[in-house]
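Report on one structure; see the data block that follows.
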Amino acid sequence: MKLYTFFRSSASYRVRIALNLKGLNYEQVPIHLRRGGGEQFSASYREINPQALLPALDDGGPILTQSLAIIEYLEERHPKPPLLPADPAERALVRGMALIVACEIHPIQNLRVLVHLKNHLKQSDDDLNLWARHWIDLGLSALEQTVVSSPKQGTFCFGDAPTLADICLVPQLANARRFGCDLSVYPALLRAEAACLAIPAFINAAPEKQPDAE
Ligand SMILES: N[C@@H](CCC(=O)N[C@@H](CS)C(=O)NCC(=O)O)C(=O)O
């Protein structure tokens, strides 16, 4: 299995965590998102992912893109350990938590959005940070409330085992710190993060542990 990845890409980080939790071996193909204007825009990478985004997974069939689709594929091919609860309503709840991060926060603070704000709309670096922090805080506040009011309380976002929600949470909190967000107002999210960061699958997926880390 080949994962097209960048150490600092949080969507790639999600997939690395899922692969590690499933105990799957994979080869990393680093695509540098900054070097030379961004290797994701090269013709060769666009053939792999026409969106020019990371990650992409080659598992011998068609190349898969979109981190959550990739993780659901891994879940279906390798059900143990499960990354979603068995009950349909609980599955929807956990997917909802993951999507708060993957649909409502991350896309608006993603590199290409910030580059567009800076280069085309002439916003300052300070304004970019304010923008990112605004959307991250809005989403994390909602996620904190969702976790706190979830019917299954535990050490993780949902219960006592890591799920898709935690897989999305941990990389997003790393991004939030990069933008200088105050995370002390999200105690439930910090508790879930601490539980995750005691697990080797999460530790080994961290940006600084990757072969392409700078
Ligand atoms: N929804 C996509 C998001 C993918 C994405 O935005 N990846 C970022 C890195 S985390 C990227 O490749 N950015 C390149 C760019 O913004 O030019 C997913 O979950 O896979």
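The values are calculated or read from the model by the stated rules, or taken from the named source; none is laboratory data. Source: prediction; values computed, not measured. Counting neighbours? That spans all protein chains shown, and the Cβs are built from the backbone with ideal geometry, glycine included. Side chains included, ligands, DNA and RNA excluded: accessible areas come from the protein's heavy atoms. Shrake-Rupley method; radii C 1.70, N 1.55, O 1.52, S 1.80 Å.
In table form, for the structure just shown:
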read-out: Sequence of Arg14, Arg177, Arg91 when ordered by accessible area, the most exposed leading, probe 1.4 angstrom; value: Arg177, Arg91, Arg14
read-out: Descending Cα extents along the principal axes, the stretch 133-174, whole Å; value: 30, 20, 12
read-out: Selection from Leu114, Pro187, Ile199, by position along the positive dipole direction of the chain (Cβ); value: Leu114
read-out: Length-normalised contact order for the chain - Cα pairs under 8 Å, 6+ apart - percent; value: 25
read-out: Heavy atoms of Lys152: accessible area, 1.4 Å probe, square angstrom to 10; value: 90
read-out: Gyration tensor verdict on the chain (Cα atoms; rounded if a/c is under 1.5, prolate if a/b is larger than b/c, oblate otherwise); value: oblate
read-out: Cα-Cα separations in the stretch 5-114 greater than 17 Å, expressed as whole percent; value: 57
read-out: Contour minus Cα-Cα distance for Arg177 and Ala92 (0.36 nm per residue); value: 27.8 nm
read-out: Nonlocal amide H pairs with Cys157, under 5 Å, H built at 1.01 Å; value: Thr163, Asp166
read-out: DSSP H segments from the chain that extend 30 Å or more along their own axis, Cα-based, with Kyte-Doolittle mean of -1.0 or above; value: 125-148
read-out: Probe 1.4 Å, protein heavy atoms only - accessible area per residue of the stretch 164-206 in square angstrom; value: 34
read-out: Residue among Ala43, Val148, Tyr26 farthest towards the positive dipole end of the chain, charges placed on Cβ; value: Ala43
read-out: Given Lys118/Lys209; Lys80/Lys209; Lys80/Lys152; Lys22/Lys152; Lys80/Lys118, the pairs whose alpha carbons are separated by over 32 Å; value: Lys80/Lys118
read-out: Portion, in percent, of the accessible area of the stretch 78-171 that falls on carbon or sulfur, probe 1.4 Å; value: 61
read-out: Residues with amide H under 5 Å from that of Val29, placed H, sequence gap 5 or more; value: Leu3, Tyr4, Thr5
read-out: Cβ-defined net charge surrounding Arg34, 11 Å radius [Lys, Arg +1; Asp, Glu -1]; value: 0
read-out: Rounded accessible area per residue of the stretch 55-122, 1.4 Å, Å²; value: 53
read-out: Relative packing of 46-57, 192-203, which averages over residues the other C-beta atoms within 10 Å, highest first; value: 46-57, 192-203
